[in-house]
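Remarks on the structure that follows.
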Amino acid sequence: MTIEERLDALEGRLRSAEDRLAIMDLVHSYGAAVDTGSAQVTADIFTSDGIYDVDTGLLAGREEIAAMVEGDPHQGLIAHGCGHLMTAPQITLDGDRATVRSYSQLIVRRASTDGFAVARLTANQWELIRTDDGWRVERRIARMVDGSDEPRDLLRPQ
């Protein structure tokens, strides 16, 4: 193997590692953004026309995603104490696109016991694209793990 071939291979591995770290940061930033009520930060995780397809409704574009964070149901969760925990993502890179599979949990405070409970376990498939501003979500599909096939299908290795 020539030095040029070795450098090309090294550059490819480095780019892959950098992409994976950036994608992990992006996916994990979602929890802190929604839990602090940072509507614009949450929306900016997505492309301008990004889709958040959750089983409770479809949000299209940054304005609708920001409105979800600012809405009464979500603000009520924040006011009572909640946390979105993201699991380690399984990342499939394909050039300037990536698919991520992961779980997330919504943890809520129990006022009666001053403890916490898992309110929701969600299977996620994130479809990402590399933009001039870094990796962004084009589409996130999120389904509550309820025993049906759809959440399992989102997590199935490609």
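Which of the numbered conditions does Asp146 fail, given that it passes all the others? Conditions: (1) open to solvent by 50 Å² or more (accessible area, probe 1.4 Å); (2) of a type outside the set (A, V, I, L, M); (3) not in a loop (DSSP other than H, G, I, E, B).
All conditions pass for Asp146, except number (3).
Considering only region 104-124, state which residues are over 22 Å from Val41 (Cβ atoms) and either within 13 Å of the chain's Cα centre (by Cα) or not in a strand (DSSP E or B) (or both).
Just the residues of region 104-124 that are over 22 Å from Val41 (Cβ atoms), to begin with: 109-119, 121, 123.
Of everything in region 104-124, those that are over 22 Å from Val41 (Cβ atoms) and either within 13 Å of the chain's Cα centre (by Cα) or not in a strand (DSSP E or B) (or both) turn out to be Ala111, Ser112, Thr113, Asp114, Ala123.
Scan region 118-136 for residues that are closer than 23 Å to Gly147 by Cβ, out of contact with any Phe, Trp or Tyr (no Cβ under 8 Å at 6 or more places or on another chain) and open to solvent by 20 Å² or more (accessible area, probe 1.4 Å) and report the count. Quick ask: steps written out before the conclusion?
We begin by selecting, within region 118-136, every residue closer than 23 Å to Gly147 by Cβ; these are 118-126.
The next check asks that each one be out of contact with any Phe, Trp or Tyr (no Cβ under 8 Å at 6 or more places or on another chain); those that pass are 118-120, 125-126.
Cutting the leftovers down to open to solvent by 20 Å² or more (accessible area, probe 1.4 Å) gives us 118-120, 125.
Here the count works out to 4.
Consider only pairs whose beta carbons are under 9 Å apart and that are at least six residues apart or on different chains; among these, list those whose first residue lies in region 1-16 and is surrounded by 10 or more Cβ atoms within 10 Å (Cβ to Cβ) and whose second residue is not in a helix (DSSP H, G or I).
So the pair list comes out as Ala9/Met1; Ser16/Leu93.
I want to confirm something. Restricting to region 93-112 and keeping residues that are open to solvent by less than 90 Å² (accessible area, probe 1.4 Å) and of a type in the set (S, T, N, Q), which single residue is farthest from Pro157 (Cα to Cα)?
Taking the candidates together, the pick is Gln105.
Taking the options Leu77, Leu59, Leu26, name whichever one is at pLDDT below 95 and either of a type in the set (Val, Ile, Thr) or surrounded by 15 or more Cβ atoms within 10 Å (Cβ to Cβ) (or both). Before you say what the answer is, go through the steps one by one.
Working: Leu59 fails: at pLDDT below 95; Leu26 fails: at pLDDT below 95.
Just a single option satisfies the conditions, and that option is Leu77.
Mind checking which residues of region 50-96 are farther than 30 Å from Thr113 by Cβ, without any contact (Cβ under 8 Å) to a residue 40 or more places away in the chain and either assigned to a strand (DSSP E or B) or within 14 Å of the chain's Cα centre (by Cα) (or both)?
Passing the criteria: Gly57, Leu58, Leu59, Ala60, Ile65, Asp94.
Output the number of the condition that Ala32 fails; it satisfies all remaining conditions of (1) surrounded by 16 or more Cβ atoms within 10 Å (Cβ to Cβ); (2) of a type outside the set (Ser, Thr, Tyr); (3) in a helix (DSSP H, G or I).
(1)
Counting just the residues of region 40-49 that are hydroxyl-bearing (Ser, Thr, Tyr) and not in a helix (DSSP H, G or I), which one comes out nearest to Ser29 (Cα to Cα)? It would help to see each step written out before you state the result.
So the first thing to find is which residues in region 40-49 are hydroxyl-bearing (Ser, Thr, Tyr), and the list is 42, 47-48.
The next check asks that each one be not in a helix (DSSP H, G or I); those that pass are 47-48.
Values: Thr47: 15, Ser48: 17 Å.
Only one residue tops the list, namely Thr47.
Hey, among the residues in region 35-56 that are open to solvent by 50 Å² or more (accessible area, probe 1.4 Å) and of a type in the set (Ser, Thr, Tyr), which one's nearest to Met86 (Cα to Cα)? Can you show your working first?
In the first step, residues of region 35-56 are kept if they are open to solvent by 50 Å² or more (accessible area, probe 1.4 Å); the result is 36, 40-41, 44, 48-49, 55-56.
Now restrict to residues that are of a type in the set (Ser, Thr, Tyr): 36, 48, 56.
Details: Thr36: 15, Ser48: 23, Thr56: 19 Å.
Of everything passing the filter in region 35-56, Thr36 is nearest to Met86 (Cα to Cα).
The values are calculated or read from the model by the stated rules, or taken from the named source; none is laboratory data. The model shown is predicted, which means the values in this text are computed figures rather than measured ones. With ideal geometry, Cβ positions are generated from the backbone for all residues, glycine too; neighbour counts draw on all protein chains shown. These area figures cover heavy atoms from the full protein model, side chains too; ligands, DNA and RNA do not enter into them. Shrake-Rupley method; radii C 1.70, N 1.55, O 1.52, S 1.80 Å.
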